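The values are calculated or read from the model by the stated rules, or taken from the named source; none is laboratory data. Because the structure is a prediction, the values reported are computed rather than measured. Positions of Cβ are backbone-derived with ideal geometry, glycine not excepted, and every protein chain shown enters the neighbour counts. Heads up: the accessible areas ignore ligands, DNA and RNA and are worked out on the full protein's heavy atoms, side chains in. Shrake-Rupley method; radii C 1.70, N 1.55, O 1.52, S 1.80 Å.
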Amino acid sequence: MASRVCLVHYHEIGLKGKNRARFERILMDSCKAALAAFSVSCVTRISGHILITFSTKGEAERAMPLIAQVPGVARCSLAFHTNREPSEYCRAAIDALAEFGPFDTFKVAARRSNTDYELTSMDLNRQVGEALCLAYPEKKVQMREPDATVHVLVVQGSVYVYAKSMRGVGGLPQGSAGKVVTLLSSGIDSPVATWQLARRGAVVVPIHFSGRPQTADTSEYLCQDIIEQLAPAVQIGRMYVVPFGDCQREISLKTPSDLRVIMYRRVMYAVAERIAKIEGAKAIVTGESLGQVASQTLENIMAVNEIVDIPVFRPLIGSDKQEIIERAKQIGTYEISCQTAPDCCTLFMPRRPETHAKLDAVHEAWNMFDHETMIDYLVEHVEYVDFTAPVYKRPRVMRERHDELAPRFVRPKADAPEDLATE
């Protein structure tokens, strides 16, 4: 009797040569992590595919859309697993075509992974095709661009038959390309940038700069909701929260108003680089798009970039807003990002920000406040949220002080440094 399984297809991983086995193992681990809430029986590799079996009936159908969201998955197919008995796999082919949906034309694409089965691929095509023609006499066989294709894969003593597939997100499995820290806000752009790097195989560690205590902490919870939305396909273990409001106020009082945003971002990048070093991350990721706002002109990007020594990745740099919105809708973060929440991006904003900053003016403004003390203060007061359980099941985690991660993270001082004090 046929059982239901999921077959995971990949494209880019197949080109990895001698490293291919490593990427396949990481993809298998990613699938296991994403399916933690399902009764997964086995995740294994068969003939250029990843095979996922389940111990509970009906779970393959429910798991298929989730598997398609896992980075590294090019396509996920819902297949029938049968023995090498013609009656079984022909019956499975009829059922597979029935669940495909409306169609007028079809074809059979059979393949053997080895020659220990007496029927060739052409024999299988004819055999299964005859069964389908008898079952669907009103439908037409069409070899080029048919509406439906029934795939028959004979491998390792079994036959896998499927017609229903779902396109995956592609890319590389998360964890195959190192670790990055990403500047995550509750806006539209940065969640997309975070997802883009996860899709290219990076482990992403979000850092959220909150306007607290000058604003409410709403944006922090929206960022948690964004991480919940990306999970479980995108695995995020920890989000750092940096209360930035008082420091922004200090900068706004001591520096020219038109350069405030650049000063804010230089401090943010410096703090992010410190956290990146502790996390072992090799780059900073932002959601900037060239020319979208005042801080994202070439001159201003250069003025901010010089403050850090590690690379800064901007995966959205050539995208327009409409493209970013479409991607945000695709990954499910758009509705969350549309919710109004005050954060550091809108706090103490100048009326006329500089769009073409001169480095001499930037350096002069940078020296108008004790930036080193401010950066040390922010790093010492960083907070975090740990996502230790599957995010879609866990209760909301309260923020915790970052005391035990490393010796340099100490308990917050009773009072801020004199130059950071507020009224």
Between rounded, prolate and oblate, where does segment 103-182 land on the alpha carbon gyration tensor, with a ≥ b ≥ c its root eigenvalues, rounded for a/c under 1.5, else prolate if a/b exceeds b/c? oblate
I'd like the FRET efficiency for LYS32 and LYS329, computed as 1/(1 + (r/R0)^6) with the beta carbon distance as r and R0 of 22 Å, rounded to 0.05. 0.20
Give me the percent relative contact order of segment 1-144, please, defined on Cα pairs under 8 angstrom at least 6 residues apart. 26 percent
Note the angle between two axes, namely the Cα long axis of helix 321-331 and the longest principal axis of the Cα atoms of the chain, as a number of degrees from 0 to 90, rounded to the nearest 10. 60 degrees
Once both axes come from the Cα atoms, what is the angle between helix 121-135 and the longest principal axis of the chain, in degrees from 0 to 90, rounded to 10? 80 degrees
If R0 = 22 Å, then GLU364 and ASN305, at their Cβ-Cβ distance, give a FRET efficiency to the nearest 0.05 of 0.75
So which lysines pass the test for LYS32, namely a Cα distance under 21 Å, with those fewer than 8 places away in the same chain ruled out? LYS57, LYS179, LYS393
Could you name the lysines whose alpha carbon sits less than 19 Å from that of LYS140, not counting residues in the same chain fewer than 8 places away? LYS107, LYS164
Under 10 Å, Cα contacts only: if you run a Gaussian network model on the chain, which one of HIS363, HIS208, HIS81 comes out with the highest mean-square fluctuation? HIS363
Each label sits 7 Å from Cα toward the beta-carbon; between ASP95 and LYS321 the label points are separated, in nm, by 5.1 nm
Distance between segment 60-105 and segment 137-185 - C-alpha centres, whole angstrom: 10 Å
Can you give the accessible area of SER295 in Å² (nearest 10), computed on protein heavy atoms with a 1.4 Å probe? 20 Å²
At 222 nm, what value in deg cm²/dmol follows for the chain if DSSP H runs of at least 4 each add -39500 (n - 2.57) and the sum is divided by all its residues, to the nearest 500? -10500 deg cm²/dmol
If you count only protein heavy atoms and use a 1.4 Å probe, how large is the accessible surface of ILE278, to the nearest 10 Å²? 50 Å²
Which whole-number percent is the relative contact order of the chain (Cα, under 8 Å, 6+ apart)? 16 percent
Per residue, accessible area of the chain with a 1.4 Å probe, heavy atoms of protein chains only, in Å², comes to 45 Å²
How much length would be gained if the chain were fully extended between ARG45 and TYR136, taking 0.36 nm per residue of separation minus their Cα-Cα distance, in nm to one decimal? 29.4 nm
Report, for the chain, the % of DSSP beta bridges that are antiparallel, rounded to 5. 60 percent
Acute angle (nearest 10 degrees) that the helix 218-230 long axis makes with the longest principal axis of the chain, alpha-carbon atoms: 20 degrees
Could you tell me whether segment 194-341 comes out rounded, prolate or oblate from its Cα gyration tensor? Rule is a ≥ b ≥ c as square roots of the eigenvalues, rounded for a/c under 1.5, then prolate if a/b exceeds b/c, otherwise oblate. rounded
What aspartates and glutamates could a cross-link reach from LYS321, if we take a straight Cα to Cα line under 18 Å and drop same-chain neighbours fewer than 8 places away? ASP189, GLU288, GLU335
What is the percent carbon and sulfur in the accessible area of the chain, measuring with a 1.4 Å probe over the protein chains and ignoring ligands? 50 percent
Quick one: compute the contact order of segment 60-178, relative version, from alpha carbon pairs under 8 angstrom and 6+ residues apart, as a percent. 46 percent
